[in-house]
Amino acid sequence: MYKDFEEQEPLDDIQESPDEEQDGQLYEHFRLVADAGQVPVRIDKFLTERMQHQSRNRIQKAAEAGFIHVNERPVKSNYKVRPGDVVTLMLNRPRYDDTIEPEDIPLDVVYEDDHLMVINKPAGMVVHPGCGNYHGTLVNAVAWHLRNMPSYDPNDPEVGLVHRIDKDTSGLLVVAKTPEAKSRLGVQFFNKTTHRSYNALVWGNFVEDEGTIEGNIGRDVRDRLRMDVFPKDSGIGKPAVTHYRVMERYGYTTLVDCILETGRTHQIRAHMRHIGHPLFSDERYGGCEILRGERTASYKAYIRNCFALCPRQALHARTLGFVHPATGKQMDFTSPLPEDMQQLIEKWRARLQNQ
């Protein structure tokens, strides 16, 4: 099984072959055994599909430098992977130590007891250490907050984050303090019995007041850092369902409430883009351009000011509901819109009133 793409180290700093290193030692960063039914395919294509954070060009560069090995021997990019091949990425530097250390970072704790914590995450905070973000994450802050709880080990996968939200999305998350709590909460997320709703400002107006978006979420073949939507029967990606309801209309933008039936990576961002309503100020999904409105200089200046007010996707995890893993009591939490989104919405409201 390969590592999650957020945890893979970048290959863009490869400059020399391992033979040019002083000690010649290589360190394993990635390992994958090809399935018994693997169809012969070029190794650069094979790895590009499995190391989503890396481009094909970077993988080819790694192969040229002698860092891509098959069955303990370096291979070139055109090597054809076959069933049972052991593919490894061997770099001339040790793997980054991804041990989670406590860091004194303020947390907005909405609720806490002996079993769990509900946290209101600010936009801009990464939830878990990964490529390029090894410090200052939510789990580092949680480790500090629970540093005096002997039974809580931040490096134990049986405790900690039950689900995630994107770095530039704000809002509610639940953290399990015990293995029992994480297991029982995880079952609720898997069975879709939790309640999660998000407020999003999106480009464009809707004809209808509510609707449902269905379509598999999978990696975008043109941009490995972006997700795309595929037909339900395509066999690509994972099934995803988003229900939405119009809350306010501002002419060229709309405030919507989105309820997740599933929890896929970038689900709301990808689904809204798919139906022609990218999230406002969402750079990765095309929301940082003027997609609706006027061609006047004053309108362009207005939009630039809006982007400056909220320089991230206008998405907030507003509500979170679940059954308490120990007491069986229904727990429901609501987080008010953060200041940047609130100011952005007020600006659109004022523009509508002044027309």
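The values are calculated or read from the model by the stated rules, or taken from the named source; none is laboratory data. Keep in mind it's a predicted model, so treat the numbers as computed, not measured. Cβ placement follows ideal geometry from the backbone for every residue including glycine, while neighbour counts extend to all protein chains displayed. Please note that ligands, DNA and RNA were not included when accessible areas were found on the heavy atoms of the full protein model with its side chains. Shrake-Rupley method; radii C 1.70, N 1.55, O 1.52, S 1.80 Å.
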- Calculated [θ] (222 nm, deg cm²/dmol) that DSSP helices of n ≥ 4 give over the chain, each run adding -39,500 (n - 2.57): -6000 deg cm²/dmol
- Given springs between every Cα pair under 10 Å in a Gaussian network model of the chain, which of LEU260, LEU225, LEU315 has the largest fluctuation? LEU225
- Query: Relative to the compact globular guide of 2.2 N^0.38 Å, what is the alpha carbon radius of gyration of the chain, as a ratio?
  - Reply: 1.11
- Item | Reach of LYS61 by Cα under 23 Å, taken over lysines that are not fewer than 8 positions away in the same chain | LYS3, LYS45, LYS76, LYS80
- Message: In whole percent, and with a 1.4 Å probe on the protein chains, what portion of the accessible area of the chain is carbon and sulfur?
- Response: 47
- Message: From the protein chains alone at 1.4 Å, what is the descending order of accessible area for PHE307, PHE322, largest first?
- Response: PHE307, PHE322
- Query: If you keep only loop residues by DSSP, which trypsin sites (Lys or Arg not before Pro) in the range 45-117 have at most 11 other Cβ atoms within 10 Å of their Cβ?
  - Reply: ARG95
- Probe 1.4 Å, heavy atoms of protein chains only: per residue, the accessible area of the range 94-190 in Å² is 48
- Task: Once you've got the Cα coordinates, tell me which of LYS167/LYS192; LYS167/LYS347; LYS121/LYS182; LYS177/LYS238 are over 27 Å apart.
- Result: LYS177/LYS238
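What do you reckon, how do SER55, SER170 stack up by accessible area (1.4 Å probe), largest on top?
Solvent-accessible surface, decreasing: SER55, SER170.
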- Rounded to the nearest 10 Å², the 1.4 Å probe accessible area of ASP166 is 40
